[in-house]
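Data first, discussion second: the structure below is written as structure tokens.
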Amino acid sequence: MASSLVDDAGKFQLLPLELHYHILTHISDLEALQNVLRASPISFAAYRNSKKKILYNIAINALGPVVLPVALQTMGLKSCRKQYERRRPKALKFLEKFPGNCSKCPQELDADDSKALLNFHRSVAYLISDFAASRSVIIKDCLESSTTTPSEPASAQSRSVLDPLTLSRAEYLRLARGFYYLEMYGCLFHERLAGSDNFTPQEQAHFLRNFSDWELEEFLCIRSYCKDKIWDFLHEQEEIFIKDFLQEMMSSTRSASTGVKSPMSIDLLFTKGASIFEQPLWVEARLTYGLLELRRMFSAKTRDERCDAFERHYRTPRLVMREAIDLVHSIPKTDNDNLVTKNALSIIETPNEGWSWTLRSMASPRPALNYSSTSVNEGMRRWGYVIWDHERLSQLNIFNQE
């Protein structure tokens, strides 16, 4: 076995430089690139000769010509998060041209820009995989309640429906676009202490209104996933707080018996009233903190990691995304110069069949789709109805549902 691997490695090294270059331009992530470069000095030489072109091709392979310009514009807005910079002038300049500035795929990129994007995309790829894994649980529950037959147990049937490792290209790109739009939204509208630099819900709604209807629903599916995960994280953090609180109470009691004062810290976010009013606002606010922070929160495994990812200096936000979403459909669509006429060169430039099914099945879809959190809409968004391809939707028996 070992000798076979050595022989294969030797044969790979004998390939001409042009073939090494060709292989490198068909890679789709930095980790695979690094593995190839470490394994082959000739591949490394090909990379050094054409670094800019190779990294650009990897970016195109990862994101495609439709999502790449969205991702690049998002990366350009990341400085808006910096508290010492005035955000509003830059954001307004961007919004004047949106979404037209996200429609044209560049023909080349600087090597540093490609590398920065691909490094950031590692977090996006993590979230895409986690979305698929977490939504698979919801999809399995749906199958077990509606499509189980005596001849095929639900557990066997549901295993084939959603594997995070086998997302189709279109499903992957729809999710990537939704996550980059969430990052873009956070860069533009994350609430700051300086109120004059913040955008009103109406201004935020105008931004969202420039999405096509199905792109907005993709965005809301991503939002639903993130909210579920943030709530899970908050509940885990609350358990940590309660445990620490009880231990501190015992320590305080012991200290009182000996005359030693032991101060007790209370996190107001976990008081009785906060669970009703403050916690939902805290969850909403976290949606705009950026994908890197969300990944840090969602991937936290140990107690220390969860505590590090938890922001204890809590401030109730005055503006939340929900307010903007509820205003979106009160704003009329206009055929202005900023709206892009899509030629459907890519499958993700048209809605999936889940969206078409929704419009056919709902007696009056427009009013029902106006709101951020009606039970019907949130139920569909939780399992990602506008994300999945025809095959997956067929396995869910969606097209036979009323």
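The values are calculated or read from the model by the stated rules, or taken from the named source; none is laboratory data. Only a predicted model underlies this, so the values are computations on that prediction, with no experimental measurement involved. Here the Cβ positions follow ideal geometry from the backbone for every residue, glycine too, while neighbour counts run over all protein chains shown. Just so you know, the surface numbers come from the protein's heavy atoms only, side chains and all, with ligands and any DNA or RNA stripped out. Shrake-Rupley method; radii C 1.70, N 1.55, O 1.52, S 1.80 Å.
Descriptive notes on the structure:
- Residue count for region 209-218, restricted to those that are assigned to a helix (DSSP H, G or I) and surrounded by fewer than 23 Cβ atoms within 10 Å (Cβ to Cβ): 5
- Residues (modelled with pLDDT of 90 or more, surrounded by 14 or more Cβ atoms within 10 Å (Cβ to Cβ) and not hydroxyl-bearing (Ser, Thr, Tyr)) located in region 1-31: Leu19, His20, Ile23, Leu24, Ile27, Asp29, Leu30
- Evaluation of Ser257 against (1) modelled with pLDDT under 85; (2) open to solvent by less than 50 Å² (accessible area, probe 1.4 Å); (3) not aliphatic (A, V, I, L, M) (one fails), failing number: (2)
- Among the residues here, Ala324 does not qualify as crowded, with 17+ Cβ neighbours inside 10 Å and either modelled with pLDDT under 70 or in contact with a Lys or Arg (Cβ under 8 Å, 6 or more places away or on another chain) (or both).
- Ile387 vs. criteria touching a Leu at 6+ places or on another chain (Cβ under 8 Å), at pLDDT 80 or above and closer than 19 Å to Tyr185 by Cβ: yes
- Where Phe179 falls short, out of the listed (1) more than 16 Å from Arg392 (Cα to Cα); (2) modelled with pLDDT of 90 or more; (3) out of contact with any Leu (no Cβ under 8 Å at 6 or more places or on another chain): (3)
- Among the residues listed as Ala116, Ala71, the single one being open to solvent by less than 60 Å² (accessible area, probe 1.4 Å), touching a residue at least 60 places away in the same chain (Cβ under 8 Å) and in a helix (DSSP H, G or I): Ala71
- Selection within region 74-111: residues that are part of a loop (DSSP other than H, G, I, E, B) and in contact with a Cys (Cβ under 6 Å, 6 or more places away or on another chain). The member of this set that is modelled with the highest pLDDT is Leu77.
- The residue pairs whose first member lies in region 288-304 and is within 14 Å of Asp130 (Cβ to Cβ) and touching a residue at least 60 places away in the same chain (Cβ under 8 Å), whose second member is basic (Lys, Arg) and open to solvent by 20 Å² or more (accessible area, probe 1.4 Å), and whose beta carbons are closer than 6 Å, counting only pairs six or more residues apart or on different chains, are Phe298/Lys229; Ala300/Arg306.
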